[in-house]
1. So which residue, out of Gly353, Gly97, Gly112, gets the largest mean-square fluctuation from a GNM of the chain using Cα contacts under 10 Å as springs?
2. Quick one: Karplus J couplings for the stretch 30-36, per residue in order, coefficients 6.51, -1.76, 1.60, θ = phi - 60°, nearest Hz, x for Gly and Pro?
3. Could you give me D for the chain, from Stokes-Einstein at 25 °C and 0.890 mPa s, where the hydrodynamic radius is the Kirkwood radius over C-alpha pairs? Units µm² s⁻¹, please.
4. Expressed as a rounded percentage, what relative contact order does the stretch 11-411 have, with Cα pairs under 8 Å and six or more residues apart?
5. With N set to the number of residues, divide the alpha-carbon radius of gyration of the stretch 198-247 by 2.2 N^0.38 Å and report two decimals.
6. Where does each of Thr316, Thr322 land when they are ranked from fewest to most other beta-carbon atoms within 10 angstrom?
7. Give the distance, in whole Å, between the Cα centre of the stretch 10-43 and the Cα centre of the stretch 388-414.
8. In whole Hz, what ³J(HN,Hα) sequence does the stretch 229-244 give by Karplus (6.51, -1.76, 1.60; θ = phi - 60°), x for Gly and Pro?
Amino acid sequence: MSLPAKSLLDPEVVQCPYPYYEELRRERPIAFLPELNGYFASSYEIVRQILRDKRFLKGAAENDGRKFVTPHKAAQEILLADPDIGFPIHCISQSNGDEHSQFRKIVEPFMGRKAAMTREPAIQSCVDAVLGEIEKSDTCEIVADFSAPYTLYVMSDVIGLPRSMYNEAKAYAAAALTYLVYVVSEEEAVAGAKTMVAMHGVVRELIRERRKNPQDDVLSALAVATVNGQPLTERQMCYIVEELVVGGHETTANAINSGLTHLAQHPELQNTLRAHPEQLPPFVEEVLRALPPIQSAHRIASEDIELGGVLIKKGTKVFLGTASANRDESRFACPAAFDHNRTELDKHVAFGGGQHFCAGAYLSRAEQRIAYHQWLKRFSSIELAQPAESIRFHASFATRSPVEVHLRLKRARS
């Protein structure tokens, strides 16, 4: 059977990929897509198989630090002008085996299950700081006004970046995405690369300060950490911070964007969750299943592997359509419907799986739950202030990131 004459990079598909995912699952659940120069797995069964198969490794087929897009040459030259740092490396997300375990152990004390529980008061202070400003108005643009500052405050606290550096951290996250994920102009790519180089200088200075005055944060841990018996290089430290700023902020922010947008369209669900806040954890999971911030991950075949009747050659990149898997009709009943009472919520793959299950999953869940609880507590009504179909998303097949989402709000009576 032939594939539909579409591309994951088509603007129409980027804006709403789910119908195309359904076609891919039906036509060929593992398919070579020329626009990706690799295979795309769209079914739940095959995605889960890849996540558990240790022969599929994390890593890059190229050596220029790219993830999902081809970087602009001018941006690459700017990064290479700093020879000690150079191209991005993905120490946590693209290492394997024992090395991956060692990198995870550096950050897990600040992001794991126990840390997420301990940090809840600090997370609450972050949401209070941001919502305190939003409550002064009856409108809000949630991307810039709430989700970005909220999640960056949380992650800055975890890393050890002062909140006064919010603008720098936000610019750093956006800059890294122009190199790794988003399709952008050369002008935007160059500006992003310059921002990355400037932020690397800040991180190096902070690391030097932490060696003299250690604190309870990731920067202090990086300053003394070893992997394979060797101290971390400045390049490793800078790009671990970049991974945490992007992965720890962007994905959680976009999950919250999706959850608030869904709530804004369903006042009856708002009322249910206000009356029954114990339903917020499954609501978080259903947002992650049905409206996930990450659409695709990737692996590389370490040997020739037969998958779904297709021979995947050694060294070939395979993209895991986790968002498609989460809507697979063979695994989830009525998958396009949003139902936080469904029984299969623990089966979604929004956080990946296997050795590379997201290191920040517990922290992200806590951030999302606390955010929704406070929104529903502080506002008696949350409504979209624009047609749902007018919401535009950044040009990426790998993430689902709205540009702007405008809300109308009514404050709850004290």
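Throughout, read-outs are computed from the coordinates displayed, never taken from laboratory work. Source: prediction; values computed, not measured. Heads up, the Cβs are rebuilt from the backbone with ideal geometry, glycines too, and the neighbour counts pull from every protein chain shown.
1. Checking each option, the largest mean-square fluctuation is seen for Gly97.
2. So the Karplus estimates, Gly and Pro as x, are 10, 9, 7, 10, x, 5, 9 Hz.
3. Translational D for this selection: 112 µm²/s.
4. Over the stretch 11-411, the number comes to 26 percent.
5. Rounded to two decimals, the normalised Rg is 1.06.
6. So the ranking, lowest neighbour count to highest, is Thr316, Thr322.
7. Answer, in whole Å: 24.
8. x, 10, x, 5, 7, 4, 4, 4, 5, 4, 7, 5, 4, 4, 4, 6
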